[in-house]
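Take a look at the structure below.
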Amino acid sequence: MTPNDAAGEHHPTHRRPDPAEPLQPSAILRPGDAAHGPTGHATAEPGLPAPAMRVPDQDVAPPPRALVRSVGEIAGLSPRRHRGDRGEVAGHDVDRVDALDPVAWHAAATWLQSLKTAETRRTYLAALSGFLAWLNTLDGQRRPPGLLAVTEDHLQAYKDDALNGRLRHGVREPGTPLAANTVAKRITTLRSFFKYAHRRRANDHNPAMYVEPPPTPRGGRTFPLSKMEAGQVREGARTLAETRPDAAAAVAMLAGLGTRSGSLLSLTVGDIRTLVDFHGVRHLTVSFRNKGGMEELLPLPTLATELLKPLLTGRAATELLFSKRDGWPIDRWWARDALREAARLGGIPAERAAELHPHMLRSTYITHAFALGIAPDKVQAAARHASIATTLRYNHPDQDLGGHVAYQLEADFDDA
(Lines give C-alpha, C1' and ligand atoms only; values in the text may rest on other atoms or scores of the structure.)
Protein backbone atom coordinates (compact mmCIF):
# COMPACT_ATOMS: atom_id res chain seq x y z
CA MET A 1 0.00 0.00 0.00
CA THR A 2 1.37 3.40 -0.92
CA PRO A 3 1.64 6.33 1.52
CA ASN A 4 -1.22 7.96 -0.35
CA ASP A 5 -3.36 4.89 0.21
CA ALA A 6 -2.59 4.92 3.90
CA ALA A 7 -3.51 8.56 4.18
CA GLY A 8 -6.73 8.19 2.24
CA GLU A 9 -5.60 10.58 -0.46
CA HIS A 10 -7.58 10.83 -3.67
CA HIS A 11 -4.60 10.63 -6.01
CA PRO A 12 -3.30 7.04 -6.35
CA THR A 13 0.15 6.28 -7.64
CA HIS A 14 0.82 7.32 -11.21
CA ARG A 15 0.48 3.96 -12.90
CA ARG A 16 -0.25 4.23 -16.61
CA PRO A 17 -2.94 1.66 -17.41
CA ASP A 18 -3.26 -0.11 -20.72
CA PRO A 19 -6.24 1.65 -22.34
CA ALA A 20 -7.21 -1.58 -24.10
CA GLU A 21 -7.30 -3.54 -20.83
CA PRO A 22 -10.58 -3.38 -18.88
CA LEU A 23 -10.46 -2.98 -15.12
CA GLN A 24 -9.88 -6.44 -13.68
CA PRO A 25 -11.40 -6.77 -10.21
CA SER A 26 -9.85 -9.60 -8.28
CA ALA A 27 -12.81 -11.64 -7.09
CA ILE A 28 -16.11 -11.07 -8.84
CA LEU A 29 -18.38 -12.99 -11.15
CA ARG A 30 -19.44 -10.91 -14.13
CA PRO A 31 -22.76 -10.96 -15.98
CA GLY A 32 -22.24 -12.71 -19.27
CA ASP A 33 -19.77 -15.26 -17.84
CA ALA A 34 -20.42 -18.98 -18.19
CA ALA A 35 -22.44 -18.88 -15.00
CA HIS A 36 -25.11 -16.81 -16.78
CA GLY A 37 -27.63 -18.15 -19.22
CA PRO A 38 -27.98 -17.01 -22.84
CA THR A 39 -30.46 -14.31 -21.78
CA GLY A 40 -27.88 -12.76 -19.47
CA HIS A 41 -29.83 -13.65 -16.34
CA ALA A 42 -27.97 -15.44 -13.59
CA THR A 43 -28.45 -19.15 -13.18
CA ALA A 44 -26.31 -20.79 -10.52
CA GLU A 45 -22.92 -19.29 -9.62
CA PRO A 46 -20.26 -20.86 -7.41
CA GLY A 47 -20.34 -19.24 -3.99
CA LEU A 48 -23.71 -17.56 -4.50
CA PRO A 49 -27.12 -18.66 -3.23
CA ALA A 50 -29.36 -20.23 -5.83
CA PRO A 51 -32.01 -17.91 -7.27
CA ALA A 52 -35.13 -17.90 -5.15
CA MET A 53 -38.15 -19.74 -6.50
CA ARG A 54 -41.31 -17.64 -6.34
CA VAL A 55 -43.83 -19.01 -3.85
CA PRO A 56 -47.45 -18.03 -4.67
CA ASP A 57 -48.28 -16.46 -1.29
CA GLN A 58 -44.80 -15.32 -0.37
CA ASP A 59 -42.86 -12.46 -1.93
CA VAL A 60 -39.21 -13.37 -1.32
CA ALA A 61 -36.52 -11.04 -2.58
CA PRO A 62 -33.83 -12.83 -4.60
CA PRO A 63 -30.21 -12.53 -3.47
CA PRO A 64 -28.34 -9.60 -5.02
CA ARG A 65 -26.65 -10.04 -8.40
CA ALA A 66 -25.01 -6.94 -9.78
CA LEU A 67 -25.14 -6.27 -13.52
CA VAL A 68 -21.75 -4.53 -13.60
CA ARG A 69 -18.28 -6.06 -13.71
CA SER A 70 -16.77 -3.70 -11.15
CA VAL A 71 -18.11 -1.10 -8.74
CA GLY A 72 -16.02 1.28 -10.81
CA GLU A 73 -18.61 0.89 -13.59
CA ILE A 74 -21.38 2.29 -11.37
CA ALA A 75 -22.36 5.85 -12.27
CA GLY A 76 -20.28 8.31 -10.25
CA LEU A 77 -17.66 5.75 -9.16
CA SER A 78 -15.13 5.57 -12.00
CA PRO A 79 -11.69 5.01 -10.41
CA ARG A 80 -8.74 7.37 -10.61
CA ARG A 81 -5.58 5.51 -11.58
CA HIS A 82 -3.34 8.51 -12.19
CA ARG A 83 -3.66 12.27 -12.31
CA GLY A 84 -5.66 13.55 -15.21
CA ASP A 85 -7.45 10.30 -16.06
CA ARG A 86 -10.77 11.91 -15.05
CA GLY A 87 -11.71 9.27 -12.51
CA GLU A 88 -14.23 10.20 -9.85
CA VAL A 89 -13.09 8.19 -6.82
CA ALA A 90 -9.80 6.88 -5.44
CA GLY A 91 -8.74 3.76 -7.34
CA HIS A 92 -7.82 1.91 -4.15
CA ASP A 93 -11.39 2.33 -2.84
CA VAL A 94 -12.72 0.54 -5.91
CA ASP A 95 -10.05 -2.15 -5.67
CA ARG A 96 -10.74 -2.93 -2.01
CA VAL A 97 -14.42 -3.53 -2.72
CA ASP A 98 -13.76 -5.43 -5.94
CA ALA A 99 -11.49 -7.79 -3.99
CA LEU A 100 -14.42 -9.04 -1.90
CA ASP A 101 -15.70 -12.59 -2.22
CA PRO A 102 -18.53 -12.99 -4.78
CA VAL A 103 -21.46 -12.93 -2.36
CA ALA A 104 -20.20 -9.85 -0.50
CA TRP A 105 -19.21 -8.14 -3.76
CA HIS A 106 -22.66 -8.55 -5.32
CA ALA A 107 -24.22 -7.21 -2.12
CA ALA A 108 -21.88 -4.21 -2.02
CA ALA A 109 -22.29 -3.39 -5.71
CA THR A 110 -26.08 -3.55 -5.70
CA TRP A 111 -26.17 -1.57 -2.45
CA LEU A 112 -24.06 1.20 -3.97
CA GLN A 113 -26.28 1.26 -7.06
CA SER A 114 -29.36 1.60 -4.85
CA LEU A 115 -28.13 4.87 -3.35
CA LYS A 116 -29.89 7.94 -4.70
CA THR A 117 -27.08 10.24 -5.82
CA ALA A 118 -23.51 9.96 -7.09
CA GLU A 119 -22.34 12.10 -4.18
CA THR A 120 -23.80 9.65 -1.65
CA ARG A 121 -22.32 6.70 -3.55
CA ARG A 122 -18.85 8.25 -3.40
CA THR A 123 -19.16 8.97 0.33
CA TYR A 124 -20.41 5.48 1.16
CA LEU A 125 -17.81 3.77 -1.04
CA ALA A 126 -15.00 5.62 0.78
CA ALA A 127 -16.47 4.68 4.18
CA LEU A 128 -16.81 0.99 3.25
CA SER A 129 -13.28 1.01 1.84
CA GLY A 130 -11.97 2.50 5.09
CA PHE A 131 -13.61 -0.29 7.08
CA LEU A 132 -12.15 -2.93 4.75
CA ALA A 133 -8.70 -1.35 5.21
CA TRP A 134 -9.13 -1.72 8.98
CA LEU A 135 -10.22 -5.37 8.63
CA ASN A 136 -7.05 -6.04 6.63
CA THR A 137 -4.92 -4.88 9.57
CA LEU A 138 -6.32 -7.54 11.91
CA ASP A 139 -4.28 -10.66 12.54
CA GLY A 140 -5.42 -14.09 11.40
CA GLN A 141 -7.26 -14.97 14.60
CA ARG A 142 -9.26 -11.73 14.72
CA ARG A 143 -9.85 -11.17 11.02
CA PRO A 144 -13.20 -12.50 9.76
CA PRO A 145 -13.09 -14.82 6.72
CA GLY A 146 -15.11 -12.28 4.72
CA LEU A 147 -17.06 -9.03 4.98
CA LEU A 148 -20.33 -10.86 5.59
CA ALA A 149 -18.72 -12.78 8.46
CA VAL A 150 -18.20 -9.52 10.38
CA THR A 151 -19.69 -9.58 13.87
CA GLU A 152 -21.06 -6.91 16.15
CA ASP A 153 -17.77 -7.12 18.05
CA HIS A 154 -15.79 -6.18 14.93
CA LEU A 155 -17.96 -3.14 14.36
CA GLN A 156 -17.73 -2.02 17.98
CA ALA A 157 -13.94 -2.43 17.89
CA TYR A 158 -13.73 -0.42 14.67
CA LYS A 159 -15.78 2.38 16.19
CA ASP A 160 -13.57 2.39 19.29
CA ASP A 161 -10.35 2.45 17.22
CA ALA A 162 -11.68 5.32 15.10
CA LEU A 163 -12.63 7.40 18.13
CA ASN A 164 -9.32 6.75 19.91
CA GLY A 165 -6.87 7.28 17.07
CA ARG A 166 -5.88 3.68 16.46
CA LEU A 167 -6.68 3.58 12.73
CA ARG A 168 -3.57 3.28 10.55
CA HIS A 169 -5.16 2.87 7.12
CA GLY A 170 -8.15 4.35 5.35
CA VAL A 171 -7.74 7.73 7.07
CA ARG A 172 -5.97 10.94 6.10
CA GLU A 173 -3.98 11.25 9.34
CA PRO A 174 -3.10 7.81 10.72
CA GLY A 175 -3.07 7.67 14.50
CA THR A 176 -5.30 10.74 14.91
CA PRO A 177 -8.75 10.29 16.51
CA LEU A 178 -11.57 10.91 14.08
CA ALA A 179 -14.24 13.44 15.03
CA ALA A 180 -17.42 11.97 16.48
CA ASN A 181 -19.36 13.29 13.49
CA THR A 182 -17.02 11.48 11.09
CA VAL A 183 -17.23 8.21 13.02
CA ALA A 184 -21.02 8.55 13.16
CA LYS A 185 -21.13 8.85 9.36
CA ARG A 186 -18.94 5.76 8.95
CA ILE A 187 -21.03 3.69 11.34
CA THR A 188 -24.21 4.89 9.64
CA THR A 189 -22.75 3.74 6.31
CA LEU A 190 -21.96 0.28 7.68
CA ARG A 191 -25.41 0.01 9.26
CA SER A 192 -26.90 0.82 5.85
CA PHE A 193 -24.81 -1.85 4.10
CA PHE A 194 -25.44 -4.68 6.57
CA LYS A 195 -29.15 -3.87 6.76
CA TYR A 196 -29.29 -4.04 2.96
CA ALA A 197 -27.29 -7.30 2.83
CA HIS A 198 -29.61 -8.88 5.39
CA ARG A 199 -32.75 -7.71 3.56
CA ARG A 200 -31.43 -9.12 0.29
CA ARG A 201 -30.56 -12.44 1.99
CA ALA A 202 -26.84 -12.12 1.27
CA ASN A 203 -26.41 -12.51 5.03
CA ASP A 204 -28.47 -14.43 7.56
CA HIS A 205 -28.09 -11.76 10.25
CA ASN A 206 -27.41 -8.05 10.64
CA PRO A 207 -24.31 -7.52 12.83
CA ALA A 208 -24.79 -3.74 12.82
CA MET A 209 -28.32 -3.78 14.20
CA TYR A 210 -27.25 -2.84 17.73
CA VAL A 211 -24.13 -0.83 16.89
CA GLU A 212 -25.07 2.79 17.51
CA PRO A 213 -23.20 5.79 16.08
CA PRO A 214 -21.33 7.73 18.78
CA PRO A 215 -23.00 10.79 20.30
CA THR A 216 -22.22 13.90 18.28
CA PRO A 217 -21.88 17.49 19.47
CA ARG A 218 -25.11 19.43 19.58
CA GLY A 219 -23.51 22.13 17.47
CA GLY A 220 -21.79 21.34 14.19
CA ARG A 221 -18.05 21.73 13.79
CA THR A 222 -18.25 23.66 10.54
CA PHE A 223 -18.13 27.26 11.68
CA PRO A 224 -19.47 30.03 9.47
CA LEU A 225 -17.59 32.95 8.06
CA SER A 226 -17.95 36.24 9.86
CA LYS A 227 -20.41 38.69 8.35
CA MET A 228 -17.49 40.80 7.10
CA GLU A 229 -15.80 37.77 5.52
CA ALA A 230 -19.03 36.76 3.80
CA GLY A 231 -19.17 40.22 2.25
CA GLN A 232 -15.53 39.96 1.17
CA VAL A 233 -16.23 36.66 -0.57
CA ARG A 234 -19.07 38.27 -2.51
CA GLU A 235 -16.86 41.18 -3.59
CA GLY A 236 -14.08 38.76 -4.46
CA ALA A 237 -16.50 36.81 -6.67
CA ARG A 238 -17.22 39.99 -8.65
CA THR A 239 -13.49 40.50 -9.21
CA LEU A 240 -12.93 36.83 -10.05
CA ALA A 241 -15.61 37.09 -12.76
CA GLU A 242 -13.21 39.18 -14.84
CA THR A 243 -10.87 36.21 -15.37
CA ARG A 244 -12.85 33.13 -14.33
CA PRO A 245 -16.56 33.81 -14.81
CA ASP A 246 -17.55 30.19 -14.20
CA ALA A 247 -15.69 29.98 -10.88
CA ALA A 248 -17.16 33.33 -9.79
CA ALA A 249 -20.70 32.21 -10.60
CA ALA A 250 -20.19 28.95 -8.71
CA VAL A 251 -19.03 30.82 -5.59
CA ALA A 252 -22.00 33.20 -5.86
CA MET A 253 -24.41 30.23 -6.05
CA LEU A 254 -22.83 28.50 -3.05
CA ALA A 255 -22.94 31.69 -0.99
CA GLY A 256 -26.38 32.80 -2.14
CA LEU A 257 -28.19 29.48 -1.81
CA GLY A 258 -26.25 27.78 0.97
CA THR A 259 -26.23 24.62 -1.10
CA ARG A 260 -23.73 21.77 -1.04
CA SER A 261 -20.91 21.93 -3.56
CA GLY A 262 -21.96 18.50 -4.85
CA SER A 263 -25.18 20.06 -6.13
CA LEU A 264 -23.22 22.03 -8.72
CA LEU A 265 -21.20 19.20 -10.23
CA SER A 266 -23.69 17.90 -12.78
CA LEU A 267 -25.67 21.07 -13.48
CA THR A 268 -26.34 21.76 -17.15
CA VAL A 269 -27.12 25.02 -18.91
CA GLY A 270 -30.72 23.82 -19.22
CA ASP A 271 -31.01 23.61 -15.44
CA ILE A 272 -30.90 27.43 -15.35
CA ARG A 273 -34.09 28.95 -16.66
CA THR A 274 -36.36 31.96 -16.22
CA LEU A 275 -39.77 31.53 -14.62
CA VAL A 276 -42.60 33.99 -13.95
CA ASP A 277 -44.26 33.76 -10.54
CA PHE A 278 -47.89 34.38 -9.52
CA HIS A 279 -47.29 38.12 -9.27
CA GLY A 280 -45.76 38.35 -12.72
CA VAL A 281 -42.18 38.74 -11.45
CA ARG A 282 -39.48 37.04 -13.52
CA HIS A 283 -36.91 34.94 -11.67
CA LEU A 284 -33.77 33.17 -12.83
CA THR A 285 -33.95 29.73 -11.21
CA VAL A 286 -31.82 26.64 -10.84
CA SER A 287 -33.06 23.06 -10.76
CA PHE A 288 -30.81 20.46 -9.22
CA ARG A 289 -30.94 17.10 -7.47
CA ASN A 290 -30.39 17.30 -3.73
CA LYS A 291 -28.65 14.84 -1.42
CA GLY A 292 -31.83 12.82 -1.04
CA GLY A 293 -32.23 12.49 -4.79
CA MET A 294 -35.15 14.94 -5.07
CA GLU A 295 -35.30 17.58 -7.80
CA GLU A 296 -35.44 21.12 -6.41
CA LEU A 297 -36.21 24.47 -8.02
CA LEU A 298 -34.69 27.51 -6.34
CA PRO A 299 -34.66 31.22 -7.21
CA LEU A 300 -31.18 32.64 -7.71
CA PRO A 301 -30.21 35.74 -5.70
CA THR A 302 -29.14 38.92 -7.48
CA LEU A 303 -25.37 38.35 -7.42
CA ALA A 304 -25.66 34.76 -8.67
CA THR A 305 -28.06 35.90 -11.41
CA GLU A 306 -25.67 38.64 -12.48
CA LEU A 307 -22.66 36.32 -12.68
CA LEU A 308 -24.50 33.41 -14.29
CA LYS A 309 -26.06 35.21 -17.22
CA PRO A 310 -22.81 35.45 -19.26
CA LEU A 311 -22.45 31.66 -18.96
CA LEU A 312 -25.80 30.98 -20.64
CA THR A 313 -25.43 32.82 -23.93
CA GLY A 314 -25.03 30.66 -27.02
CA ARG A 315 -24.68 27.36 -25.15
CA ALA A 316 -26.66 24.15 -25.62
CA ALA A 317 -29.06 23.18 -22.84
CA THR A 318 -27.30 19.83 -22.39
CA GLU A 319 -23.86 21.36 -21.93
CA LEU A 320 -22.35 21.28 -18.44
CA LEU A 321 -22.81 24.63 -16.71
CA PHE A 322 -19.45 24.37 -14.94
CA SER A 323 -16.49 22.42 -16.29
CA LYS A 324 -12.76 22.26 -15.97
CA ARG A 325 -10.42 23.58 -18.63
CA ASP A 326 -10.33 20.12 -20.24
CA GLY A 327 -14.13 20.12 -20.55
CA TRP A 328 -14.78 17.53 -17.85
CA PRO A 329 -17.07 18.07 -14.82
CA ILE A 330 -15.85 20.04 -11.84
CA ASP A 331 -15.34 18.42 -8.45
CA ARG A 332 -15.45 19.63 -4.85
CA TRP A 333 -11.76 20.58 -4.93
CA TRP A 334 -12.42 22.84 -7.91
CA ALA A 335 -15.21 24.52 -5.91
CA ARG A 336 -12.95 24.83 -2.87
CA ASP A 337 -10.17 26.45 -4.89
CA ALA A 338 -12.66 28.85 -6.49
CA LEU A 339 -13.89 29.93 -3.05
CA ARG A 340 -10.36 30.48 -1.76
CA GLU A 341 -9.42 32.52 -4.81
CA ALA A 342 -12.52 34.69 -4.40
CA ALA A 343 -11.72 35.13 -0.71
CA ARG A 344 -8.19 36.36 -1.45
CA LEU A 345 -9.42 38.73 -4.14
CA GLY A 346 -11.98 40.09 -1.69
CA GLY A 347 -9.28 41.00 0.82
CA ILE A 348 -9.31 38.02 3.17
CA PRO A 349 -5.69 37.27 4.25
CA ALA A 350 -4.14 34.34 2.38
CA GLU A 351 -3.63 32.31 5.57
CA ARG A 352 -7.31 32.60 6.49
CA ALA A 353 -8.46 32.06 2.89
CA ALA A 354 -6.55 28.75 2.82
CA GLU A 355 -8.79 27.49 5.63
CA LEU A 356 -12.05 28.04 3.80
CA HIS A 357 -14.12 25.31 2.17
CA PRO A 358 -17.57 25.41 0.54
CA HIS A 359 -19.45 23.87 3.46
CA MET A 360 -18.55 26.93 5.52
CA LEU A 361 -20.72 28.96 3.15
CA ARG A 362 -23.63 26.63 3.96
CA SER A 363 -23.09 27.18 7.68
CA THR A 364 -22.85 30.94 7.06
CA TYR A 365 -26.12 30.90 5.13
CA ILE A 366 -28.00 29.12 7.93
CA THR A 367 -26.46 31.13 10.79
CA HIS A 368 -27.20 34.41 8.99
CA ALA A 369 -30.82 33.34 8.38
CA PHE A 370 -31.32 32.63 12.08
CA ALA A 371 -29.63 35.93 13.01
CA LEU A 372 -32.20 37.76 10.88
CA GLY A 373 -35.00 36.15 12.88
CA ILE A 374 -36.30 33.93 10.06
CA ALA A 375 -38.53 31.18 11.43
CA PRO A 376 -36.73 27.85 12.02
CA ASP A 377 -39.11 25.90 9.75
CA LYS A 378 -38.39 28.31 6.89
CA VAL A 379 -34.63 28.03 7.46
CA GLN A 380 -34.99 24.23 7.47
CA ALA A 381 -36.86 24.33 4.18
CA ALA A 382 -34.27 26.67 2.64
CA ALA A 383 -31.46 24.40 3.82
CA ARG A 384 -33.29 21.36 2.40
CA HIS A 385 -32.94 19.37 5.64
CA ALA A 386 -35.28 16.52 6.52
CA SER A 387 -34.89 17.27 10.24
CA ILE A 388 -34.87 20.60 12.08
CA ALA A 389 -32.24 19.11 14.40
CA THR A 390 -29.82 18.98 11.47
CA THR A 391 -30.52 22.61 10.62
CA LEU A 392 -29.92 23.72 14.21
CA ARG A 393 -26.51 22.05 14.23
CA TYR A 394 -25.40 24.51 11.54
CA ASN A 395 -26.53 27.54 13.57
CA HIS A 396 -23.67 29.16 15.47
CA PRO A 397 -25.05 32.18 17.31
CA ASP A 398 -22.31 31.74 19.90
CA GLN A 399 -19.48 32.04 17.39
CA ASP A 400 -18.58 35.40 18.97
CA LEU A 401 -16.66 33.95 21.91
CA GLY A 402 -15.47 37.32 23.24
CA GLY A 403 -18.20 37.39 25.90
CA HIS A 404 -17.57 33.87 27.18
CA VAL A 405 -17.70 33.35 30.96
CA ALA A 406 -14.02 32.32 30.99
CA TYR A 407 -13.00 35.74 29.68
CA GLN A 408 -15.27 37.55 32.12
CA LEU A 409 -13.86 35.66 35.10
CA GLU A 410 -10.29 36.25 33.97
CA ALA A 411 -10.96 39.97 33.58
CA ASP A 412 -12.39 40.13 37.10
CA PHE A 413 -9.28 38.47 38.57
CA ASP A 414 -7.02 40.85 36.62
CA ASP A 415 -8.90 43.82 38.00
CA ALA A 416 -8.63 42.56 41.59
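The values are calculated or read from the model by the stated rules, or taken from the named source; none is laboratory data. For clarity, every value in this text was computed on a predicted model and none was experimentally measured. Here the Cβ positions follow ideal geometry from the backbone for every residue, glycine too, while neighbour counts run over all protein chains shown. To get the accessible areas, we keep the full protein, side chains included, count just its heavy atoms, and leave off ligands, DNA and RNA. Shrake-Rupley method; radii C 1.70, N 1.55, O 1.52, S 1.80 Å.
Every residue in region 156-183 that is hydroxyl-bearing (Ser, Thr, Tyr) and open to solvent by less than 30 Å² (accessible area, probe 1.4 Å), please. Walk me through how you get there before you give the answer.
Residues of region 156-183 that are hydroxyl-bearing (Ser, Thr, Tyr), as a first pass: 158, 176, 182.
Once the filter is applied, which keeps residues that are hydroxyl-bearing (Ser, Thr, Tyr) and open to solvent by less than 30 Å² (accessible area, probe 1.4 Å), region 156-183 yields only Tyr158.
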- Query: Does Leu77 count as over 29 Å from Leu163 (Cα atoms), surrounded by 18 or more Cβ atoms within 10 Å (Cβ to Cβ) and modelled with pLDDT under 95?
  - Reply: no
- Quick one: count up the residues across region 254-291 that are outside any strand (DSSP E or B) and either of a type outside the set (D, E, K, R) or modelled with pLDDT of 90 or more (or both). 21
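Yes/no matrix, rows are residues, columns are (1) open to solvent by less than 20 Å² (accessible area, probe 1.4 Å); (2) free of Cβ contacts under 8 Å to residues at least 40 places away in the same chain; (3) under 23 Å from Ala383 (Cβ atoms):
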| position | (1), (2), (3) |
| --- | --- |
| Ala241 | no, no, no |
| Ala247 | yes, no, no |
| Ala255 | no, no, yes |
| Leu264 | yes, no, yes |
| Gly270 | no, no, no |
| Val276 | no, yes, no |
| Arg282 | no, yes, no |
- Query: Within region 137-193, can you find the residues that are among the hydrophobic types (A, V, I, L, M, F, W, C) and either in contact with a Ser or Thr (Cβ under 7 Å, 6 or more places away or on another chain) or not in a helix (DSSP H, G or I) (or both)?
  - Reply: Leu138, Val150, Leu167, Val171, Leu178, Ala179, Ala180, Ala184
- Scan of region 118-132 for residues that are in contact (Cβ under 8 Å) with a residue 40 or more places away in the chain and either touching a Ser or Thr at 6+ places or on another chain (Cβ under 7 Å) or under 18 Å from Phe194 (Cβ atoms) (or both), ordered by number: Thr120, Arg121, Thr123, Tyr124, Leu125, Ala126, Ala127, Leu128, Ser129, Gly130, Phe131
- Determine if region 234-257 includes at least one residue that is polar (S, T, N, Q) and closer than 22 Å to Gly76 by Cα. no
- Task: Restricting attention to helices (runs of 4 or more DSSP H) lying wholly within region 310-387, give those where 1 or more residues are modelled with pLDDT under 95 and polar (S, T, N, Q).
- Result: 358-371, 376-383
- Item | Residues within region 135-155 that are open to solvent by 60 Å² or more (accessible area, probe 1.4 Å) and modelled with pLDDT of 95 or more, tallied | 2
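Under the condition of being assigned to a loop (DSSP other than H, G, I, E, B) and open to solvent by 30 Å² or more (accessible area, probe 1.4 Å), which residue from region 220-239 is farthest from Pro145 (Cα to Cα)? So that I can check it myself, show each step before the final result.
Narrowing region 220-239 to residues assigned to a loop (DSSP other than H, G, I, E, B): 220-226.
Still in the running and open to solvent by 30 Å² or more (accessible area, probe 1.4 Å): 221-223, 226.
Details: Arg221: 38, Thr222: 39, Phe223: 43, Ser226: 51 Å.
So the residue we want is Ser226.
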- Mind counting the residues in region 92-126 that are part of a helix (DSSP H, G or I), within 23 Å of Gly262 (Cα to Cα) and open to solvent by 10 Å² or more (accessible area, probe 1.4 Å)? 13
